[in-house]
Structure formats: C-alpha cells, structure tokens
Amino acid sequence: MIEVKDLRKSFDDTPVLKGISTTFEKGKTNLIIGQSGSGKTVFIKCLLGLITPDSGTISYEGRVYSELGLEGQRNLRQEMGMVFQGSALFDSMTVEGNVMFPLEMFTKQSPSEMQDRVDFVLERVNLIDAHKKYPAEISGGMQKRVAIARAIVMNPKYLFCDEPNSGLDPRTAIIIDNLIQEITREYNITTVVNTHDMNSVMEIGEKIVFLQHGIKEWEGSHRDIFKTDNQAVSNFVYSSELFKKVRQMYLEERD
Amino acid sequence: MKYLSSIGSYAIMVRDVFRKPTKWTIMKSLILKEIDELIYGSMGIIIFISFFIGGVVAIQTALNISNPLIPRNLIGFATRQSVILEFAPTFTSIIMAGKVGSYITSSIGTMRVTEQIDALEVMGVNSLNYLVFPKIVAMMFYPFVVAIAMYIGIFGGWIAGVFGGFSSSADFVEGLQLDFIPFHVTYSFIKSIVFAFIIATVPSYHGYFMKGGALEVGKAATVSFVWTSVVIIILNYILTQLMLG
C-alpha cells in the first residue's frame, strides 16, 4: 500500500500539487485521472521519487520515502516497476536486452536463469518472437508490452504506468489494460496508472483518484463513478455522448 | 548568477558520477563500447587533420623564411614545436569537442527526452555513473590519440617540406632533433588528459540536464560544443602558464 499525506509541489512559485492525501491499495489497479495540467504526471513522478515534493510524505508499507536516505531510496526503487508513456526502452538494446537489463544490474543470477526469467515474462505479456528485435523494429503496442515485461521482471511490489494506452488503437489499449490488471492481481502488487482513457476508467479502475488544478477532487471506484454527483468528475468522465449513454444505461439497469 | 549555478550543478554532477558504481561486469562492456565509439571512431578524422595541419605548418614556416642566414632546419624545428605543443593536444581537442562532444550531448539528451534516463533512475541505477563514467574512462585513452596526432603531424610536415621542395630531408630531421625538450611531450600529455576529462563531462552535463524535445537536443549539442571549446581554451592558457611560464 502507498500512503500519500498532504503532498505539495510548486514550480517557480506556481503550485502544481496543493496538498494531496490518498492511499493506493495493494492488489488493486489504482487510477489517477484528470485533465491535462491537473498535476497527474508531477504526482506520479513524486511517487517514483523522480521529483522531490516541497512538503508532505509518501510511505510505502510504512517506509517514508523522504526519510530513507539516498541508498535506501535507490533500494526502494528496485521494488518499483514503471511503464513510461513513450515506453522508454533502451534503443541500443534488443527486446531481450531491455528486459534482462534489471536482472543483470541487480541480481547474481546465472545467464541461463536470467534467460529463463526473460522468456517467462515475455511469454506472460504475449511476446514470443520479438526477443532479438530492437525497439525501433516493433509496433507501439509491442513496445508497451516490452515495457511492462521490463517493469515486472524483478517481481516489483509497486507498478506505475504513465498513460499506458496513449498512441494505441482501441483494441491494443484494451489488451494492455487487461494485462496490467491481470498482473496486478496475479502478483498482488500495488499498481498506479495515470490515464486519460475513459475505457480504462470503466474497465480496470478499482480505485480512482480524480485530480483537478492540483487538488484531489474526488476518489472512488469505477462503480462509484457512475453514480457520483460530483460535477467536476461528471464533466470530465462524461464529456462524450457515448459515455453519457453508458452511464444512463448503467443507472437504468440498476434501478 | 546563472553561470555560477551551472558551474555548481556541473561540480555536483561530477561528484555523483563517482557515487554508487555500476556492476563491474556491465561497466566493463560499457567502457569497451565507449573506447570503440569515442577513441577508435575518432582516429580517422584525427589522422587526416593532423597530416594536413603538419604539412601547412611546414609550408607556412618555409614561406616566411626569406633571410638566407636562417638555417633551413628551422622548418623541421618549427613543425615539431607547433605540432607537439599546440596542434596535437589543443587543436585536436577542439575537433574532438565537435565530433565526440556533440555525440555525447545528443545521445544523452535523446535519452533524457525519451525518458530513458528516468527509466534508469526508477530502476535504482545511478544514471550518471552508468552514462558518464564509461565516457570519462574511455577518454583517458585520449593521450594515445594525441601521440598519434603528433607523429602524423610531423610526418605531414616532412612530406610537405621535402616533397614540396622547401627543405631537404636531412635538414628537416636535423630540425626535428634540435634542442628537443622531452618535458614538452609530458606537458602535451598532461594537457590532453585534462582536455579529455572536459570533453567527456561538459557535453554530458549539457545532455543530462537538457529540457525540451528533439529541437532542444540539437541546440544543446551546439551549446555544448561552444562551452567545451571555451573551457579548453581557458584551461590551455592556465596550464601553459603553470607548466611552461
């Protein structure tokens, strides 16, 4: 579980995060949603330790990140996996090299043990024949799957995904969403997904945090989002006619 | 104030490069890759430039000797001194700042833009050590490049002097051996080691801390070349004053 208390961050006297408190639960797919500029990326980068917040605390199973010291923070990061918006695969390495990289860096496994683990996670994300290809030679969806494989190869306790569906076609986006949710449940990890994609919100949002202007405006599950009377959330989630109809159907069915 | 802040950031970056070292088995292959890229990959252009610079120095010297009382061995002497003291270590370093420096800035800058550096940090890797340390170690082989530049530069001078009809081979070789001070070679190598460190770290700084997108990567490479050259020129003056002054 990740617990965030009164998190604040400003850039050049412009406040971006204005005191966010929330928890991200273990074994669940936690989503951070909000409009562009609402502070989602800064928030997730604070969770990862890539940006140092001005005040507030982030604790991982009771371990307060800011109190760990440089070495402790680096060790904690080894428990994290991250899927970046643009995948952030290492261009100079093959798919296999990218996934094997954390194992080579941080484990004392033999080459055959590493190879077995790489084969296992690549198979888990349904990538069978791409081992020797370079990131530039595979599609965006495959790159995302390689990024997920790299993120889970070390058996992380925390998985972070920044806009995992951006730039993907709807079918591939659903595959990636389902994969993230399956992995979260299978390995009982705390997953935090930063997304704009309303399909993701409806499908995998077991806990949703809605940010607006750097403030946590609302939180709940994907079921709660259908019946919320929060105007800001409704305006954001149900901005399209299609989702308005989906909501109406859900409420009618419930009644 | 901005420059002071940049110098401070650069110093902190250099300190962090030597913290939390990467596993040796991985670092070893990174260093070999960088030696291939930065040192071996630069040999062609360095040999080409040194040969012609040496030749031009010999011709220029010969054309400026109009007094018959000045011995013809001055051509060899002037070529040797110019090449060993300045052209091989300093001129070559400026070339390297352009070739190697812009490669370092753009490769690290691209990794920054595409979040690959963030990916390293999230994994718990000291990205500065992983990216910059192998480049520093590889560049410590730079004095070998300078030594080759010296030989090729003097050889170019001999070819231009003898085959251009400006000097006999015996006069040129006599000039090469005249009043030779071995410390001048040591001075040149010390300078080249300092310049090597600058060529590895200043472009890394500009790449690592760049902000923006693809356009900014190009701008950062240009700015890095300018600053690397400026630092080399200033340090050249200081080191010359300290060691020969």
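Using a Gaussian network model on chain B with a 10 Å cutoff between Cα atoms, which of B:ASP36, B:ASP16, B:ASP179 fluctuates the most?
Result for chain B, Cα springs under 10 Å: B:ASP179 fluctuates most.
Exactly which trypsin sites (Lys or Arg not before Pro) in the range A:65-165 are in a DSSP loop and have at most 10 other Cβ atoms within 10 Å?
A:LYS108, A:LYS132
Under the 0.36 nm per residue contour assumption, what length would be gained going from the current alpha-carbon distance of B:VAL173 and B:MET140 to full extension?
Extending this stretch completely gives an extra 8.8 nm.
For chain B, what's the relative contact order in percent, using C-alpha pairs closer than 8 Å and at least 6 residues apart?
34
For A:HIS131 paired with B:VAL230, estimate the spin-label separation in nm (one decimal), with each label point 7 Å from Cα along the Cα-to-Cβ line.
My value for the distance between the label points is 5.1 nm.
Return, ordered by residue number, the residues of the range A:24-58 whose backbone nitrogen is under 20 Å from a label point located 7 Å along Cα→Cβ of A:ASP6.
Under cut-off, by backbone N: A:24, A:43, A:46-47, A:52-58.
Using a Gaussian network for chain B with springs between C-alpha atoms less than 10 Å apart, which of these wobbles most: B:ILE234, B:ILE49, B:ILE70?
It is B:ILE70.
Can you find, among A:GLY220, A:PRO102, A:THR184, the residue farthest towards the positive end of the dipole of chain A? Put +1 on the C-beta of Lys and Arg, -1 on that of Asp and Glu.
Checked the options; the winner is A:GLY220.
Using the structure shown, select from A:LYS108/B:LYS33; A:LYS5/B:LYS2; A:LYS40/B:LYS135 the pairs with a Cα to Cα distance greater than 29 angstrom.
Among A:LYS108/B:LYS33; A:LYS5/B:LYS2; A:LYS40/B:LYS135, the Cα-Cα distance tops 29 Å for A:LYS5/B:LYS2; A:LYS40/B:LYS135.
Sort largest first and round to whole Å: the equivalent ellipsoid semi-axes of the range B:74-200, each the square root of five times a Cα gyration tensor eigenvalue.
41, 14, 8
List residues of the range B:113-138, by number, whose backbone nitrogen lies under 18 Å from a label position 7 Å along Cα→C-beta of A:LEU68.
B:118-128
Filter the trypsin sites (Lys or Arg not before Pro) in the range B:1-68 to those in DSSP coil with at most 14 other Cβ atoms within 10 Å of their Cβ, and list the result.
When the trypsin sites (Lys or Arg not before Pro) of the range B:1-68 are filtered for loop state and at most 14 Cβ neighbours within 10 Å, B:ARG19, B:LYS23 remain.
What ranking do A:GLU252, A:GLU206, A:GLU186, A:GLU163 get, fewest neighbouring Cβ atoms within 10 angstrom at the top?
A:GLU252, A:GLU186, A:GLU206, A:GLU163
Under DSSP H, which helices of chain A have Cα atoms covering 24 Å or more of the helix axis and a Kyte-Doolittle average no less than 1.6?
none
Rounding to the nearest 10 and keeping the result within 0 to 90°, find how far the Cα-based axis of helix B:127-139 lies from the longest principal axis of chain B.
Approximately 10 degrees, to the nearest ten.
Could you tell me which chymotrypsin sites (Phe, Trp or Tyr not before Pro) in the range B:128-205 are loop residues by DSSP with no more than 13 other beta carbons within 10 angstrom of their beta carbon?
Sites meeting the loop and neighbour criteria: B:PHE180.
Give me A:THR57, B:THR61 ranked fewest to most by other Cβ atoms within 10 Å of their Cβ, as a rough exposure proxy.
A:THR57, B:THR61
What is the count of Lys pairs in the range A:150-255 whose alpha carbons sit under 15 Å apart, if the two are 8 or more places apart or on different chains?
4
At 222 nm, what helix-only mean residue ellipticity would chain A give, in deg cm²/dmol to the nearest 500, using -39500 (n - 2.57) for each DSSP H run of four or more?
-12500 deg cm²/dmol, from helical runs alone.
Using the 10 angstrom Cβ neighbour count as an exposure proxy, how do A:CYS46, A:CYS161 rank, fewest first?
In order of increasing Cβ crowding within 10 Å: A:CYS46, A:CYS161.
For the protein assembly as shown, I need the span (max minus min coordinate) of the C-alpha atoms along each principal axis, in Å, sorted largest to smallest.
Reported extents, whole Å, longest axis first: 113, 51, 42.
Once the Cα gyration tensor of the range A:158-212 is found, what semi-axes does its equivalent ellipsoid get, as square roots of 5 times the eigenvalues, in whole Å, sorted largest first?
Working from the Cα gyration tensor, I get semi-axes of 16, 15, 10 Å.
No value in this document is a laboratory result; all are computed from the given coordinates. What you are looking at is a predicted structure, and each value in this text was computed from that prediction instead of being measured. Backbone-built Cβ (ideal geometry, glycine too); neighbour counts: all protein chains shown.
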